[in-house]
Each structure stands twice: as C-alpha cells, then as structure tokens.
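Everything on this sheet refers to the single structure shown next.
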Amino acid sequence: MAKNTPIPANYNVILEELKTRVYSARMRATLAANNELVGLYLEIGRKILEQQGREGWGAGVINKLADDLRAAFPDMKGFSPRNLSYMRQAAEIFGEHPILQQLVAKLPWGHVMALISKLKTENERLWYGQQAIEHGWSRAILTMQIENGLYNRQATPLKVNNFKEHLPAPQSDMAYEVLKDPYIFDFLSVGEKAQEREIERELVKHITEFLLELGSGFSYVGKQVHLEVAGEDFFLDLLFYHLKLRCYVVIELKAGEFKPEYAGKLNFYCSAVDHELRHEHDNPTIGLILCKNKNKLLAEYALRNIATPLAVSEYALTRAIPEELKTSLPSVEEIEKELDADKQE
C-alpha cells in the first residue's frame with residue numbers, strides 16, 4: 001500500500017477477523033494430523049486396560065512395554081511409562097462415552113492429558129474440550145483456563161444482564177456465553193485498592209492477557225475514547241469490537257462497589273456509540289460494567305427498565321503488588337492529572 005493511501009475505518013477489525021480465520025485454519029490442520037495419533041493412543045490404552053483386568057499387568061509390565069515400544073519405534077515419541085499411563089486413563093475415562101471419544105479424537109494429545117489430569121467430571125472435560133476446539137486454544141491456554149476456573153465463571157448463576165430482553169436470539173445467547181463473573185486480572189501489578197485509571201492503564205499495557213481473559217472475538221479499539229455529544233465531551237473507559245457478535249462493547253471500570261447510577265451512564269455511552277460509531281450492519285452496542293463488588297439484586301433492579309443490552313460483572317485482582325513497590329504507584333492526584341492529560345489528546 002502506498003504511504004499516502006488512506007486506511008479504511010474498519011481495516012483493523014477486518015484484519016483481526018482474517019488473522020483469527022487463518023489461525024483457526026492452521027489449528028484445524030494440526031488437529032487433523034493428530035487425529036490418527038490420538039486414535040492409536042486410545043487403542044493402546046484400551047489394550048493395557050484390558051490386560052490389567054485379565055492378566056493383572058502392574059507397573060513392571062508397563063515399564064517393559066514402554067521400553068520395548070521405544071526400541072521398536074525409536075523415531076517416535078510418546079512411549080514413556082508416564083504416557084502409557086495416560087493412555088490407560090484416557091481409555092478408562094472416555095471408553096464408555098461416545099461423545100467424549102469423538103471430542104478427544106479432535107484434540108492434540110497434550111490437550112487430552114490436561115483434560116485427564118486437571119479435571120474430575122465428564123461435563124467439565126466435555127466443555128473445556130469443546131472450547132479448546134472452537135477457539136483454537138494451545139495446551140498452555142487450556143491449562144490456564146482450567147486453573148482460572150473458566151467453566152464455573154461462565155456458568156455462574158450470578159451473571160447479571162438484560163441480554164434476553166433486549167437482544168434477539170441467537171445473539172442474546174452468544175452474548176450471555178461471552179460474559180464471565182468474575183473476571184480475573186491476576187496478570188496486573190496493582191494492589192487491591194487500585195484506582196480505575198491505574199487498572200485501566202495496566203489492562204492496556206497487558207492487552208494480550210486482557211483480551212485472553214475477555215474471551216475469543218474481542219478486538220481492542222481504544223481507551224478513553226472521545227465522543228462529542230451536543231457540544232460536550234465524553235470519554236469511554238475502554239472500547240472493543242466483538243467479531244462474532246458484530247457489535248461494539250463499551251466497558252466501564254469501577255474500583256468500588258456497583259452503584260445504580262452506573263447503569264444510566266453506561267446506557268448513555270452505548271447510545272452515543274450507536275449514533276456516532278456503529279455501522280449499518282453492526283448489531284446494537286453492548287455495555288459491561290466491571291466493578292470490584294456488586295449486590296446482585298441491586299444490579300438486576302438497575303438494569304430492569306433499561307432497553308440497552310447491559311451487564312454487570314465483578315473482577316478480581318488476585319496478585320497483590322509486592323510491599324516494597326507500593327510506594328512507586330501513582331497517587332490519586334497523579335492519576336487525575338493523567339486523566340486530564342488524556343482528555344486533551
């Protein structure tokens with residue numbers, strides 16, 4: 001592209017969508033290559049399980065089997081005693097569940113081992129496996145999502161939103177699935193008493209981890225996004241675009257407890273984004289209030305008669321900053337000065 005060629009307004013959104021599609025295609029190719037290998041491992045596991053039941057194979061026999069297989073196939077990895085044990089566990093866990101068998105056949109073996117070693121229930125294994133396939137998670141990401149309790153945070157009955165009332169199906173269901181409660185920001189170097197602007201700066205600084213915590217499909221647009229309405233200036237804390245929901249998502253950060261007036265303010269911001277930024281084929285803008293604590297009933301009342309699709313979730317800062325570094329954090333006055341400076345840009 002020539003240096004002076006103007007970049008279309010929606011270029012970054014399209015770029016992120018294409019990058020996601022390329023990554024997904026590469027992941028699908030990798031999964032297909034692993035299909036035969038996982039099938040082989042399950043067959044070996046079933047044979048070991050069968051012989052343990054019939055002949056009482058113990059650890060000594062398993063160790064010998066591992067040695068003999070490695071000697072017969074020196075160019076192949078995966079025949080360690082530990083991995084043979086995982087094969088046996090996989091055959092035992094998935095052997096009576098056709099749906100789980102079909103699922104693990106689509107996953108790399110490292111993912112299957114994570115499902116076996118870190119989860120105890122069929123429902124959790126099925127859910128995390130499906131998420132790994134849908135979103136192209138690496139083994140490290142799958143492990144992190146399990147350790148962060150994503151299943152419980154997305155299935156929690158504490159989710160507060162009005163999506164069902166103000167979004168058509170299936171978008172309302174998709175938006176509900178995207179929502180978490182609480183969000184875990186343990187990658188931030190801030191203390192439990194951090195101010196909104198401090199948290200905001202850290203989230204943007206760690207945007208990759210933030211997008212990962214938000215979930216698949218979020219594309220970062222900006223922080224302190226300026227909107228002018230009726231000659232007055234307004235600034236959105238954080239603005240995203242969701243590629244699957246096809247809509248803007250406005251996020252307001254609050255360091256303390258939820259207050260009903262926050263919903264009215266966010267409703268105004270979403271209306272402004274719909275008027276100023278929303279394109280013809282975009283769906284209505286969604287608003288999310290992230291606060292340190294919320295009273296569920298209070299939040300539900302606040303959203304009840306608002307027509308804009310809004311949600312309220314908590315966030316947790318589980319990694320406290322070391323005591324010796326606390327003095328280096330900005331004061332409230334310094335944060336306010338920086339906020340004023342942002343608004344002048």
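Just to be sure, is residue 255 part of a strand (DSSP E or B), at pLDDT below 95 and either under 25 Å from the mean Cα position of the chain (by Cα) or surrounded by 14 or more Cβ atoms within 10 Å (Cβ to Cβ) (or both)?
Yes.
Can you tell me which of 15, 37, 69 is touching a Phe, Trp or Tyr at 6+ places or on another chain (Cβ under 6 Å) and not small (Gly, Ala, Ser)? Break it down into steps so the answer makes sense when it comes.
Numbers: 15 fails: touching a Phe, Trp or Tyr at 6+ places or on another chain (Cβ under 6 Å); 37 fails: touching a Phe, Trp or Tyr at 6+ places or on another chain (Cβ under 6 Å).
Among 15, 37, 69, only 69 is touching a Phe, Trp or Tyr at 6+ places or on another chain (Cβ under 6 Å) and not small (Gly, Ala, Ser).
What are the residues in segment 13-37 that are over 26 Å from the mean Cα position of the chain (by Cα) and modelled with pLDDT of 80 or more, if any?
Answer for segment 13-37, where residues must be over 26 Å from the mean Cα position of the chain (by Cα) and modelled with pLDDT of 80 or more: just 37.
Residues being closer than 27 Å to residue 244 by Cβ and aliphatic (A, V, I, L, M): count how many of those fall in segment 86-138.
13
Among the residues of segment 44-63 satisfying the criterion of being closer than 14 Å to residue 78 by Cα and not β-branched (Val, Ile, Thr), which is most open to solvent (accessible area, probe 1.4 Å)? Explain how you work it out, then say what you get.
Step one: of segment 44-63, the residues closer than 14 Å to residue 78 by Cα are 44-45, 62-63.
Filter again for not β-branched (Val, Ile, Thr), leaving 45, 63.
On the way: 45: 0, 63: 71 Å².
In this case the residue turns out to be 63.
Given the residues 226, 242, which is the only one that is closer than 23 Å to residue 13 by Cα and over 24 Å from the mean Cα position of the chain (by Cα)?
Numbers: 242 fails: over 24 Å from the mean Cα position of the chain (by Cα).
The match here is 226.
Can you name the condition, by its number, that residue 6 falls short on among (1) open to solvent by 80 Å² or more (accessible area, probe 1.4 Å); (2) not in a loop (DSSP other than H, G, I, E, B)?
Status for residue 6: all satisfied but (2).
Which one is surrounded by the most Cβ atoms within 10 Å (Cβ to Cβ), of the residues in segment 161-190 that are outside any helix (DSSP H, G or I) and over 18 Å from the mean Cα position of the chain (by Cα)?
Here is the first cut: in segment 161-190, the residues outside any helix (DSSP H, G or I) are 161-162, 167-170, 179-190.
Of the ones still in play, those that are also over 18 Å from the mean Cα position of the chain (by Cα) are 161-162, 167-170, 189-190.
Working: 161: 24, 162: 21, 167: 21, 168: 9, 169: 9, 170: 9, 189: 17, 190: 19.
The residue in question is 161.
In segment 173-187, what count of residues is obtained for those that are closer than 21 Å to residue 292 by Cβ and either free of Cβ contacts under 8 Å to residues at least 12 places away in the same chain or in contact with a Lys or Arg (Cβ under 6 Å, 6 or more places away or on another chain) (or both)?
Residues that pass the stated criteria total 4.
Are any residues in segment 60-82 out of contact with any Leu (no Cβ under 7 Å at 6 or more places or on another chain), closer than 24 Å to residue 119 by Cβ and in contact (Cβ under 8 Å) with a residue 12 or more places away in the chain, and if so, which ones? Talk me through it step by step, then tell me what you get.
Of segment 60-82, the ones out of contact with any Leu (no Cβ under 7 Å at 6 or more places or on another chain) are 60-61, 63-64, 67-78, 80-82.
From the residues that got through so far, the ones that are closer than 24 Å to residue 119 by Cβ too are 78, 80-82.
Correct list: 78, 80, 81.
Could you list all residues from segment 64-112 that are aliphatic (A, V, I, L, M), under 39 Å from the mean Cα position of the chain (by Cα) and open to solvent by 20 Å² or more (accessible area, probe 1.4 Å)?
The answer is 76, 93, 99, 105.
Is it the case that some residue within segment 266-287 is within 18 Å of the chain's Cα centre (by Cα), part of a strand (DSSP E or B) and crowded, with 18+ Cβ neighbours inside 10 Å? Explain how you work it out, then say what you get.
Going through segment 266-287, the residues within 18 Å of the chain's Cα centre (by Cα) turn out to be 286-287.
Filter again for part of a strand (DSSP E or B), leaving 286-287.
If we keep only those that are crowded, with 18+ Cβ neighbours inside 10 Å as well, we get 286-287.
So far as segment 266-287 goes, yes, one or more of its residues are within 18 Å of the chain's Cα centre (by Cα), part of a strand (DSSP E or B) and crowded, with 18+ Cβ neighbours inside 10 Å.
Consider segment 216-240. How many of its residues are in contact with a helix residue (DSSP H, G or I) (Cβ under 6 Å, 6 or more places away or on another chain) and either free of Cβ contacts under 8 Å to residues at least 12 places away in the same chain or of a type in the set (Gly, Ala, Ser) (or both)?
2
For (1) touching an Asp or Glu at 6+ places or on another chain (Cβ under 9 Å); (2) within 21 Å of residue 270 (Cβ to Cβ); (3) in contact (Cβ under 8 Å) with a residue 40 or more places away in the chain; (4) of a type in the set (Lys, Arg), each residue gets a yes or a no:
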| position | (1), (2), (3), (4) |
| --- | --- |
| 159 | yes, yes, yes, yes |
| 171 | no, yes, yes, no |
| 194 | yes, no, yes, no |
| 242 | no, yes, yes, no |
| 250 | yes, yes, no, no |
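Does residue 215 count as under 20 Å from residue 153 (Cα atoms) and either touching a Leu at 6+ places or on another chain (Cβ under 7 Å) or open to solvent by less than 40 Å² (accessible area, probe 1.4 Å) (or both)?
Working: under 20 Å from residue 153 (Cα atoms): yes; either touching a Leu at 6+ places or on another chain (Cβ under 7 Å) or open to solvent by less than 40 Å² (accessible area, probe 1.4 Å) (or both): yes.
The answer is yes for residue 215.
So residue 131 passes all but one of these: (1) open to solvent by 20 Å² or more (accessible area, probe 1.4 Å); (2) of a type outside the set (Ser, Thr, Tyr); (3) under 18 Å from the mean Cα position of the chain (by Cα); (4) under 17 Å from residue 249 (Cβ atoms). Which condition number does it fail?
Residue 131 satisfies all of (1) open to solvent by 20 Å² or more (accessible area, probe 1.4 Å); (2) of a type outside the set (Ser, Thr, Tyr); (3) under 18 Å from the mean Cα position of the chain (by Cα); (4) under 17 Å from residue 249 (Cβ atoms) except (4).
Conditions: (1) part of a loop (DSSP other than H, G, I, E, B); (2) of a type outside the set (A, V, I, L, M); (3) under 19 Å from the mean Cα position of the chain (by Cα); (4) farther than 20 Å from residue 308 by Cα. Residue 200 meets all but one. Number of the miss?
Against the list (1) part of a loop (DSSP other than H, G, I, E, B); (2) of a type outside the set (A, V, I, L, M); (3) under 19 Å from the mean Cα position of the chain (by Cα); (4) farther than 20 Å from residue 308 by Cα, residue 200 comes up short only on (1).
Of everything in segment 83-131, what is of a type in the set (A, V, I, L, M, F, W, C) and free of Cβ contacts under 8 Å to residues at least 40 places away in the same chain? Give them in sequence order. Full working, then the answer.
Narrowing segment 83-131 to residues of a type in the set (A, V, I, L, M, F, W, C): 84, 87, 90-91, 93-94, 99-100, 103-105, 107, 109, 112-116, 119, 126-127.
Answer for segment 83-131, where residues must be of a type in the set (A, V, I, L, M, F, W, C) and free of Cβ contacts under 8 Å to residues at least 40 places away in the same chain: 93, 99, 100, 103, 113, 114, 115, 116, 119, 126, 127.
The values are calculated or read from the model by the stated rules, or taken from the named source; none is laboratory data. Here the structure is a predicted model, which means the values were calculated and not measured. No Cβ is skipped: glycine too gets one built from the backbone with ideal geometry, and neighbour counts run over all protein chains shown. Please note that ligands, DNA and RNA were not included when accessible areas were found on the heavy atoms of the full protein model with its side chains. Shrake-Rupley method; radii C 1.70, N 1.55, O 1.52, S 1.80 Å.
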